[in-house]
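The values are calculated or read from the model by the stated rules, or taken from the named source; none is laboratory data. Model, not experiment: these values are computed from the prediction. Every residue, glycine among them, receives a Cβ derived from its backbone with ideal geometry; neighbour counts consider all protein chains shown.
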Amino acid sequence: MTDSSHPSPLTSGARSARGFYEGDSLHIRAYDTLHGSTTPCVQGDIDFYAGLAGRTGGPVLEIGAGTGRVAWSLAGRGHKVTGLELSPAMIWLACRKSLPQGHTTAAASPTFIQGDMRDFDLGAKFGLITAPFRTFHVLLTPEDQLASLQTMRRHLTEDGLLALHLFDPRIDDLSSFRKPPQEERRGRDAETGRTIVARLEDVDIDRFNQILRNRWLYSLEGQDGAVERQEDLILTVRWTYRQEMKHLLARADFTVVEEYGDFLGGQPEHGKEQVLVCMPT
Ligand SMILES: C[S@@+](CC[C@H](N)C(=O)[O-])C[C@H]1O[C@@H](n2cnc3c(N)ncnc32)[C@H](O)[C@@H]1O
């Protein structure tokens, strides 16, 4: 577990173009205020994962644990949780948190480990593995997707469950996708509390490979409201469809046993979420 007494890796810097989750990007600094559990696509996900953790008895491995939104909530309900995360800055933010008020007496803090979901070896097996909040989309090739699923499979107990959350792209969107108009989000810097404004500037689509490259402009405002720092941040994702996922999962020795369109038991439907619960075949 990263020691939270280490100095902050969050620094200030000049404008640059980089990945959403690279270094100490303004996206990372604002993550908790931009992406809380009230975000529509994840509504109900914590209860959903807690239900699966209860069914399997855990322990739980979360892939792409970020700032610990899910990990800390499950830990607070008494589940043993390990969070695998690529970004040291995300882990640093996760380790600053503590168990939620009213946690069970059995609760223990989650453990956060830096690693890449395509290739890791924790030397342990888990009863539940989750990849929340559409994290799987950051894998841009079928080879990386398969490598990641096979790595997860090696970490799952024989009667364990894998829960994946992706979005469920509308079939017609790949050919006729248009940039959403004027999408803008406002959050706060985790360290200073200052306002961070995120604006979607551009979307490039590689239709052949089903890859979307979203270019966001992030602005950190000073105390007087003037822009103090700006970053072009690129979020590149691969659209992956339900039937593709089933084939990929079968190649990694998984069978889909439950599928939903949200975390509240909704029917699968293009334009909603892909919530897939899988067992070893
Ligand atoms: C959408 S966030 C989800 C965070 C958290 N699970 C939640 O639900 O709030 C995706 C996370 O995956 C991490 N990530 C991206 N690529 C990764 C990789 N190859 N291996 C592990 N984590 C990765 C990012 O740094 C980011 O924290």
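Some notes on this structure:
- Qualifying residue in the range 115-127 (condition: buried (at least 20 other Cβ atoms within 10 Å of the Cβ) and either not assigned by TED's automatic domain parsing to the domain that holds ASP262 or not aromatic (Phe, Trp, Tyr) (or both)): yes
- Residue match in the range 125-139 (condition: hydroxyl-bearing (Ser, Thr, Tyr), out of contact with any strand residue (DSSP E or B) (no Cβ under 6 Å at 6 or more places or on another chain) and within 15 Å of the ligand (Cβ to nearest atom)): yes
- Any hit, the range 156-178, residues being among the polar types (S, T, N, Q) and modelled with pLDDT of 95 or more: yes
- The range 249-260, residues that are surrounded by fewer than 18 Cβ atoms within 10 Å (Cβ to Cβ) and within 21 Å of the chain's Cα centre (by Cα): VAL256, GLU258, GLU259
- For the range 60-99, taking the residues that are hydroxyl-bearing (Ser, Thr, Tyr) and part of a loop (DSSP other than H, G, I, E, B), the one that is farthest from the ligand (Cβ to nearest atom) is identified as SER98.
- Of the strands (runs of 3 or more DSSP E) entirely within the range 100-194, those holding at least 2 residues that are under 19 Å from VAL256 (Cβ atoms) occupy 126-131, 156-167.
- For the range 165-195, the set of residues classified as over 20 Å from the mean Cα position of the chain (by Cα), surrounded by 14 or more Cβ atoms within 10 Å (Cβ to Cβ) and aliphatic (A, V, I, L, M) consists of LEU174 only.
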